[in-house]
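Written out below as structure tokens is the structure these notes cover.
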Amino acid sequence: MTWLVTGGAGYIGAHVVQKLVDAGHDVVVLDEATTGTHRLPPQVTLVQANLTQNQTLHRLFNDYDFQGVVHVAARKQVRESVEKPLFYWRENIGGLTNLLTAMQVHSVKNLVFSSSAAVYGQPQLGSDAIIAEDAHCNPINPYGATKLAGEWMAEALTVSDDFKVVALRYFNVGGAGNANLGDEYSYNLIPIVFDALEKNESPIVFGKNFETSDGTCIRDYVHVEDLADAHVSAVEYVSAAEPKFTAINIGTGKGSSVLEVMNMVAKVSGIEFEPKFVQARQGDPAALVADVSRAKELLNWVSQRSLEDIVRSAWLAKNP
Ligand code: UDP
């Protein structure tokens, strides 16, 4: 039986595809694939389309007897989502609506959905900053809102149509499985710091007066290979589950500050630099770290790789 991976030619999707193939699954990828086809293993079929192309979608579900779908395809830039909210709702929620419709029509009921810690927004947390899945969700940007609405839409189908849904709430994903799979965009802290160094500029730290050990923001950085392993576990879990919706945090349970990340970049790259401190970004929570107990309990998954593994693999993918 075959799994459909939407967005499988992207940075995260391609890591998921590789791990699914390694675990013995047949995989078909649906992706616009404007970039990224080089990331796919040769035995994987690529259907080059997006989720607005309903005819292609239905043909695809006719052609294959899918066991389920891993839905990674989405727009994911927070700032862009603030500037173009309708684009985000159309792409992320419109796309998911079309996908779920095709799944419903063709009775494909297993879904692993790429969600995000952005669903939590700016939670008021205790000193450990650990957040569990049953925390109140209150996204503070359209990107996070589309992820939460996506969870709700998929959850509704667990009631109406006996769907089985796992939403994986990604924390801060980084690193690369190999040089071919690196993140070619600079939307997140680690690639942004690499870019600054490449241009001989000072990497920028947003805010230095947070109530954290060194005053800079703390996040939970998880290696993309660990994240991909979690998808393999989720695919197996959802196949065996009863009809229900389950949200699962995917992080390490350990936070690192912006300065710790920068120090790791200096260590790995061998480049000494002084970061430049600027005002905090609006809406940035001081600290956000995953409670990973549910992932361990339900998926038997725990992250294996360190911050150093993340930064080193990302650096090697950029500087092969
Ligand atoms: N950050 C920073 N400088 C940058 C980019 C990000 O200090 O050039 C900080 C940001 O404030 C946050 C952390 O790095 O605390 C991770 O940011 P990113 O945008 O990668 O992910 P987020 O946690 O915001 O989803």
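In terms of Cα to Cα distance under 30 Å, which lysines are near enough to Lys296, apart from those fewer than 8 places away along the same chain?
Filter leaves Lys19, Lys76, Lys109, Lys147, Lys164, Lys244, Lys254.
Label the stretch 66-199 by shape, choosing from rounded, prolate and oblate, from the square roots a ≥ b ≥ c of the eigenvalues of the Cα gyration tensor; if a/c is under 1.5 it is rounded, and otherwise prolate applies when a/b is larger than b/c, oblate when it is not. Don't jump to the answer; show the numbers that get you there.
Details: a/c = 1.79, a/b = 1.42, b/c = 1.26.
Note, shape of the stretch 66-199 comes out prolate.
Under a cut-off of 19 Å between alpha-carbon atoms, report the lysines in cross-link reach of Lys276, not counting same-chain residues fewer than 8 places apart.
Hits, sequence-local ones excluded: Lys199, Lys208, Lys267.
Build a GNM of the chain with springs between Cα atoms under 10 Å: which of Ala154, Ala129, Ala196 gets the top mean-square fluctuation?
Result for the chain, Cα springs under 10 Å: Ala196 fluctuates most.
Where the only charges are on Cβ atoms (+1 Lys, Arg; -1 Asp, Glu), what is the dipole of the stretch 194-320 about its Cα centre, to the nearest 20 debye?
Roughly 120 debye for the stretch 194-320.
Using only the alpha carbons of the chain, determine the length spanned along each of the three principal axes and report them from longest to shortest in whole angstroms.
Extents along the principal axes: 56, 41, 38 Å.
Can you tell which of Gly94, Ser114, Asn300 lies farthest toward the positive end of the dipole of the chain, using +1 and -1 charges on the Cβ of basic and acidic side chains (Lys, Arg; Asp, Glu)?
It is Gly94, whose Cα lies furthest towards the positive end.
Efficiency by 1/(1 + (r/R0)^6): what FRET value for Gln55 and Leu125, r their Cβ-Cβ distance, R0 = 45 Å, to the nearest 0.05?
The pair Gln55/Leu125 has a calculated efficiency of 0.45.
Across the stretch 221-232, in residue order, what do the Karplus-derived ³J(HN,Hα) couplings come to in whole Hz, using 6.51 cos²θ - 1.76 cosθ + 1.60 with θ = phi - 60° and x for Gly and Pro?
8, 10, 5, 4, 6, 5, 4, 5, 4, 4, 5, 4
With springs only between Cα atoms under 10 Å, which of Val292, Val47, Val265 fluctuates most in a Gaussian network model of the chain?
Of the options given, Val47 has the highest mean-square fluctuation.
What's the angle, to the nearest 10 degrees (0 to 90), between helix 54-63's Cα axis and the longest principal axis of the chain?
70 degrees
Rank these residues by their accessible area, most exposed first, probe 1.4 Å: Arg294, Arg312.
Arg312, Arg294
Any idea what angle helix 11-22 forms with the longest principal axis of the chain, computed on alpha-carbon atoms, 0 to 90 degrees, nearest 10?
Helix 11-22 sits at roughly 60 degrees to that axis.
On a full-extension model of 0.36 nm per residue, what is the gain between Glu274 and Phe87, subtracting their alpha-carbon distance, rounded to one decimal in nm?
Taking 0.36 nm per residue and subtracting the Cα distance, the gain is 63.6 nm.
Could you give each residue of the stretch 244-255 its phi-based ³J(HN,Hα) in whole Hz, using Karplus coefficients 6.51, -1.76, 1.60 with θ = phi - 60°, and x for Gly or Pro?
Going residue by residue, I get 5, 10, 9, 9, 9, 5, 10, x, 9, x, 10, x Hz, with x marking Gly and Pro.
Between the stretch 268-320 and the stretch 154-182, what is the separation of their alpha carbon centroids in Å?
Between the Cα centre of the stretch 268-320 and that of the stretch 154-182, the gap is 18 Å.
Any idea of the accessible area per residue across the stretch 180-316, 1.4 Å probe, to the nearest Å²?
Each residue of the stretch 180-316 exposes 49 Å² on average to a 1.4 Å probe.
Just the accessible area for Ile204, please: 1.4 Å probe, Å², rounded to the nearest 10?
80 Å²
Between rounded, prolate and oblate, where does the stretch 1-109 land on the alpha carbon gyration tensor, with a ≥ b ≥ c its root eigenvalues, rounded for a/c under 1.5, else prolate if a/b exceeds b/c?
Since a/c reaches 1.5 but b/c is at least a/b, the shape of the stretch 1-109 is classed as oblate.
Report, to the nearest 10°, how far helix 307-318 tilts away from the longest principal axis of the Cα atoms in the chain, using its own Cα long axis and a range of 0 to 90°.
Orientation of helix 307-318: about 80 degrees from the principal axis.
Can you give me the % of accessible surface on the chain that is carbon or sulfur? Probe 1.4 Å, all protein chains present, nothing else counted.
The computed percentage sits at 47.
When the Kirkwood hydrodynamic radius is evaluated over all pairs of different C-alpha atoms of the stretch 232-305, what value in angstrom, to one decimal, is obtained? Can you show the working numbers first?
Working: mean 1/r = 0.0640 Å⁻¹.
Value: 15.6 Å, from the Cα pair sum.
If you rank Glu133, Glu274 by how much accessible surface each has, with a 1.4 Å probe, what is the order from largest down?
Output order, biggest surface exposure first: Glu274, Glu133.
Please figure out what share of the DSSP beta bridges in the chain is antiparallel and state it in percent, rounded to the nearest 5.
5 percent
In terms of modelled amide H atoms, which long-range or inter-chain residues lie less than 5 Å from the amide H of Leu30?
Under 5 Å from the amide H of Leu30: Val5, Thr6, Gly7, Gly8, Val47.
The values are calculated or read from the model by the stated rules, or taken from the named source; none is laboratory data. Quick caveat: nothing in here was measured; it's all calculated off a predicted structure. For neighbour counting, all protein chains shown are included, and Cβ atoms are generated from backbone atoms with ideal geometry for every residue, glycine included. To get the accessible areas, we keep the full protein, side chains included, count just its heavy atoms, and leave off ligands, DNA and RNA. Shrake-Rupley method; radii C 1.70, N 1.55, O 1.52, S 1.80 Å.
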